[in-house]
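Below is one structure; the comments refer to it alone.
The values are calculated or read from the model by the stated rules, or taken from the named source; none is laboratory data. Bear in mind that the values here come from a model prediction, so they are computed numbers and not experimental data. Note: ideal-geometry Cβ built from the backbone for every residue, glycine included; neighbour counts use all protein chains shown. The area values use the complete protein model at the heavy-atom level, side chains included, leaving out ligands, DNA and RNA. Shrake-Rupley method; radii C 1.70, N 1.55, O 1.52, S 1.80 Å.
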Amino acid sequence: MTKWVYLFTEGNATMRNLLGGKGANLAEMTHIGLPVPQGFTITTEACTQYYEDGRQINDEIMSQVMEYVAKIEKINGKKFGDLKNPLLVSVRSGARASMPGMMDTILNLGLNDQVVEAMIKGNPDPKFERFVYDSYRRFIQMFSDVVMEVGKKYFEQLIDKMKTSRGIQYDVDLTAADLKELANQFKAEYKAQLGEDFPSDPIVQLKEAIKAVFRSWDNPRANVYRRDNDIPYSWGTAVTVMPMVFGNLNENSGTGVAFTRDPATGEKKLMGEFLTNAQGEDVVAGIRTPMLIAEMENKFPSAFKQFKEVCTILEDHYRDMQDMEFTVENGKLYMLQCRNGKRTAQAALRIACELVDEGMIDEKKAVSMIDPRNLDTLLHPQFDESALKASKPIGKGLGASPGAACGKVVFTADDAVAWKARKEKVVLVRLETSPEDITGMKAAEGILTVRGGMTSHAAVVARGMGECCVSGCGDIKINEEAKVFTLGGKTFHEGDFISIDGTTGNIYAGIIPTVDATISGYFGRIMNWADKYRTMKVRTNADTPRDAKKARDLGAEGIGLCRTEHMFFETTRIAAFREMICAETSAEREKALAKILPYQQEDFEQIYEAMSGAPVTIRFLDPPLHEFVPHTDEEMGILAASLGRTIDYIRNLVHSLHEVNPMMGHRGLRLAVTYPEIAVMQTRAVIRAAVSVQKKHPEWRLRPEIMIPLTSDVREFNYVKKFVVDTAEEELQNAGMRIEYEVGTMIEIPRAALTADEIAANADFFCFGTNDLTQMTYGFSRDDAGKFLNYYYDAKILENDPFSRLDRSGVGKLMKVALELGKPVNPKLHCGICGEHGGDPSSIEFCNEIGLDYVSCSPFRVPIARLAAAQAAIAAQK
């Protein structure tokens, strides 16, 4: 029989895939002797089985759960539903990859009217009565919201109404009688919403709670988070069931979240937050702004001393910064969770470097422990220091996640998504965020909250996403319904501009200018280590000297894709190119293209200069001609007049260029087959530019790589290649010097991959254009797929956008076939990738596996690719 349930004493940290991160770490903490309430974990395999059984927990699993309930009853000396010594439990999610706030938790499970009465009867202290009713109303609210999906807003409205009627501000000021009344109101609300009484049987409560946690694996926010963080749906979540310890028992109790290092900066110091007389969700939900962890020493000196010792033990054991949840009950410390903490990119770099300096880890481990995607935030602009000094903050919160964000104020997650769709930059301003806000948080440039600390939901999720966040600015007076807030004597409405600094926590009215980021310090050290261990080269996709220089500064070792069509759209050139399109003879075409040649040559010279002799791959003209022609009557009139033609002639020509399916139409090398003059002109520009720059820089070894796009048949490739080679040789002979050059092709049509042996015999290199290769393999139009892919995600047909993350089993197989066919025929064949996938870490890992020589990506993703390539090489060695 399959084992579906494990006591904490039966597991360890290596069982993460089966027990999830939370279950494995609770087991590990148990083994190393830390104070952990003893419970059990239901495996990730049980979650998978739950979905296979039509979202039901089968009898075998439930039978084992009840067997383990009996075991923890014996261990803890308490019984489920018992009136004398009741066992109350928490039921928590725990996937193998950390997903903070994305799934569900239920606390205080096992309470009902009879248990509540019995508990109070056994302890005459009025404060204890208040604690019991506080726990009961929390349980009813959480069970209703998480398990039965009754919106928590109904209960929050009842709490707010009660506090208003009592003239108080905080939940902790409610009396036992108030909380008892609230519990009754909550049960009445539950019945009004669902038409049935709140369940009193603890076994029913437990089964429904476990189902709810399994169900939350497939909730919308978890699905979004998984797609963004490359977490497969098939992994499932484990469920941990453990006895409650009560931070809300009395003033000698409390709860907190802490980090062994600062998750925002990486500084080595204990950092966290703590609330007395509270439960865990009070800290992370941001309902009360907590006190700093250092203040815990005054409240609970003995527990704090033990907690500091636990922090040292855990960081030494895991050799990484730890994020811990804990509770103090009547002065006694209990550890409820530990995990490698989410951190900003700045903190990740510093922590990795300092762990190496402390002798805790080696360079390879340091390189491997940083998520390449998080580097993105460091590569984008920061606030200009001089502009910051000249600006006065209107308020200050906690710098919860570094970065610079400016945008228009919006007040809801849905508005953030809608405004971003209109290309508006927004800052999401909320009283506090909740997990349901994940899509809006993603869409916003930054997040500003009134409530919550450094460990609130907004802060943790923003750090994980690398997004700027300022939390806990209590000076803000906000009316979310009216979409208005005031701060520093100013009133902000939806659409007003605001700037926030996630490092300092400062808030500014209006827009603060930004400056480009640079690679130095800890970032530079990590990049140097990455370059030491990676085996693949990293190039860039750059069409302008500015992009090429930026990429070079960020570590690019060449250009893997220079798109020449973008150069044709400038005003000085588009007229000549349109003249070429309208030409009726070869001579007329050559005459028009001769006007473009000097511009194109100048473009290439500037790009060669920017790359300082590094390889440059120039893709010849790719888009269909209809993209270059005028489409308005005014533009057609101007073109007609310049060519001495009628506007009807131009209109008919434009109409004739229209294609039903242009992505598979007259484009790429098909243009060069039809109009060889285009390839001839572009070759002249490439070679003349190379000759000019080589003369200026004799120490460089220029070797232009001419890439012919959209090959499907070796015969068409050879046809175009002959024009290229004949023209290049003519130019070099005229120049009286020798420059080596290469002619290769993009592999972006499945037929090219399947006949790669024929093409490789004639090509010097392959470059996989995976944007088009994905489009042609799936038969998806990349411009239209977004309209229906969400349905594919919901139906679990696809887990990721294949245009963002390489499809290994289909597109990847074609790439592998092309290499296996091409390399034996031409051992000198060098191969790379230049689609969007060239900057995606999981796609880079695959490229390393199949033996590509380089990846090429946009300039700002070059450091990400360098790090991902190093991680792939290190993983391959293992």
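For this structure, a couple of remarks:
For every residue, the table says whether it meets (1) open to solvent by less than 10 Å² (accessible area, probe 1.4 Å); (2) closer than 12 Å to VAL429 by Cβ.
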residue	(1), (2)
GLY440	yes, yes
ALA444	yes, yes
ILE447	yes, yes
VAL450	no, yes
SER456	yes, no
GLU467	no, no
GLY474	no, no
GLU480	no, yes
PHE485	yes, yes
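- LEU625 vs. criteria of a type outside the set (Ser, Thr, Tyr) and more than 20 Å from GLY832 (Cβ to Cβ): yes
- Inspection of region 40-58 identifies no residue that is over 21 Å from GLY236 (Cβ atoms) and in contact (Cβ under 8 Å) with a residue 60 or more places away in the chain.
- Within region 561-572, residues that are closer than 17 Å to THR540 by Cα and in contact (Cβ under 8 Å) with a residue 40 or more places away in the chain reach partners that are of a type in the set (Gly, Ala, Ser) and not in a loop (DSSP other than H, G, I, E, B) with beta carbons closer than 7 Å, at six or more positions or on different chains, in the pairs LEU561/SER856.
- Residue that is farthest from GLU436 (Cα to Cα), among those in region 225-245 that are assigned to a helix (DSSP H, G or I) and open to solvent by less than 20 Å² (accessible area, probe 1.4 Å): ARG226
- Listed conditions (1) under 18 Å from ASP840 (Cβ atoms); (2) touching a residue at least 12 places away in the same chain (Cβ under 8 Å) are all met by PHE765, apart from (1).
- Screening ALA177 on (1) open to solvent by 20 Å² or more (accessible area, probe 1.4 Å); (2) closer than 30 Å to MET465 by Cβ; (3) of a type in the set (A, V, I, L, M); (4) not in a loop (DSSP other than H, G, I, E, B) shows it passes everything except condition (2).
- Total residues in region 403-414, condition open to solvent by less than 40 Å² (accessible area, probe 1.4 Å) and closer than 17 Å to ILE511 by Cα: 7
- Listed by position, the helices (runs of 4 or more DSSP H) enclosed by region 42-154 that each have at least 3 residues that are open to solvent by 40 Å² or more (accessible area, probe 1.4 Å) and more than 30 Å from ALA13 (Cα to Cα) are 113-121, 126-142.
- Residues that are open to solvent by 20 Å² or more (accessible area, probe 1.4 Å) and at positive phi within region 504-519 comprise just one, GLY510.
- Number of positions in region 157-174 that are part of a loop (DSSP other than H, G, I, E, B), under 18 Å from ILE140 (Cβ atoms) and open to solvent by 30 Å² or more (accessible area, probe 1.4 Å): 0
- Any hit, region 693-709, residues being in contact with a helix residue (DSSP H, G or I) (Cβ under 8 Å, 6 or more places away or on another chain), open to solvent by 30 Å² or more (accessible area, probe 1.4 Å) and among the aliphatic types (A, V, I, L, M): no
- In region 560-581, of all residues being in contact with a helix residue (DSSP H, G or I) (Cβ under 6 Å, 6 or more places away or on another chain) and farther than 30 Å from GLY832 by Cα, the one that is modelled with the lowest pLDDT corresponds to ARG573.
- From GLY838, GLY812, residue being more than 22 Å from the chain's Cα centre (by Cα) and not in a loop (DSSP other than H, G, I, E, B): GLY812
- Scan of region 450-470 for residues that are in a loop (DSSP other than H, G, I, E, B), closer than 18 Å to ALA258 by Cβ and modelled with pLDDT under 75, ordered by number: MET454, THR455, SER456
- Only a single criterion out of (1) open to solvent by 50 Å² or more (accessible area, probe 1.4 Å); (2) charged (D, E, K, R); (3) closer than 30 Å to VAL283 by Cβ is not satisfied by ASP501, namely (1).
- Top-ranked residue of region 689-719 - restricted to ones that are among the charged types (D, E, K, R) and in a helix (DSSP H, G or I), ranked as farthest from the chain's Cα centre (by Cα): LYS695
- Of the helices (runs of 4 or more DSSP H) lying entirely inside region 355-422, those carrying at least 1 residues that are within 22 Å of the chain's Cα centre (by Cα) and modelled with pLDDT of 95 or more are 363-368, 413-421.
- For THR449, the requirement of being touching a Lys or Arg at 6+ places or on another chain (Cβ under 6 Å) and of a type in the set (Val, Ile, Thr) is met.
Residues are listed down the side, and each one gets a yes or a no for (1) free of Cβ contacts under 8 Å to residues at least 12 places away in the same chain; (2) out of contact with any strand residue (DSSP E or B) (no Cβ under 8 Å at 6 or more places or on another chain); (3) among the β-branched types (Val, Ile, Thr); (4) surrounded by fewer than 16 Cβ atoms within 10 Å (Cβ to Cβ):
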{"site": "ARG670", "(1), (2), (3), (4)": "no, yes, no, no"}
{"site": "TYR675", "(1), (2), (3), (4)": "no, yes, no, no"}
{"site": "VAL686", "(1), (2), (3), (4)": "no, no, yes, no"}
{"site": "THR727", "(1), (2), (3), (4)": "no, yes, yes, no"}
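- Qualifying residue in region 329-338 (condition: charged (D, E, K, R), open to solvent by 30 Å² or more (accessible area, probe 1.4 Å) and touching a Ser or Thr at 6+ places or on another chain (Cβ under 8 Å)): yes
- Taken over region 301-328, the residue count meeting the criterion of being among the aromatic types (Phe, Trp, Tyr) and surrounded by fewer than 22 Cβ atoms within 10 Å (Cβ to Cβ) is 2.
- Taken as a whole, the structure leaves LEU34 outside the set of residues that are touching an Asp or Glu at 6+ places or on another chain (Cβ under 7 Å), touching a residue at least 60 places away in the same chain (Cβ under 8 Å) and on the phi < 0 side of the Ramachandran plot.
- Qualifying positions in region 246-265 - farther than 28 Å from ARG96 by Cβ and in a strand (DSSP E or B): GLY254
- Cβ-Cβ distances below 9 Å connect the following pairs, each with a first residue in region 179-207 that is more than 20 Å from LEU107 (Cβ to Cβ), a second residue that is among the β-branched types (Val, Ile, Thr) and open to solvent by less than 60 Å² (accessible area, probe 1.4 Å), and a separation of six or more residues or different chains: GLN193/VAL150; LEU194/VAL150.
- Within region 751-802, tally of residues that are under 28 Å from ASP228 (Cα atoms), assigned to a helix (DSSP H, G or I), in contact with a helix residue (DSSP H, G or I) (Cβ under 9 Å, 6 or more places away or on another chain) and open to solvent by less than 70 Å² (accessible area, probe 1.4 Å): 10
- Picking from residues in region 601-634 that are hydroxyl-bearing (Ser, Thr, Tyr) and modelled with pLDDT of 90 or more, the one that is most open to solvent (accessible area, probe 1.4 Å) is SER612.
- Lone unmet requirement of (1) within 27 Å of SER135 (Cα to Cα); (2) out of contact with any Gly (no Cβ under 9 Å at 6 or more places or on another chain); (3) open to solvent by 60 Å² or more (accessible area, probe 1.4 Å) for THR289: (2)
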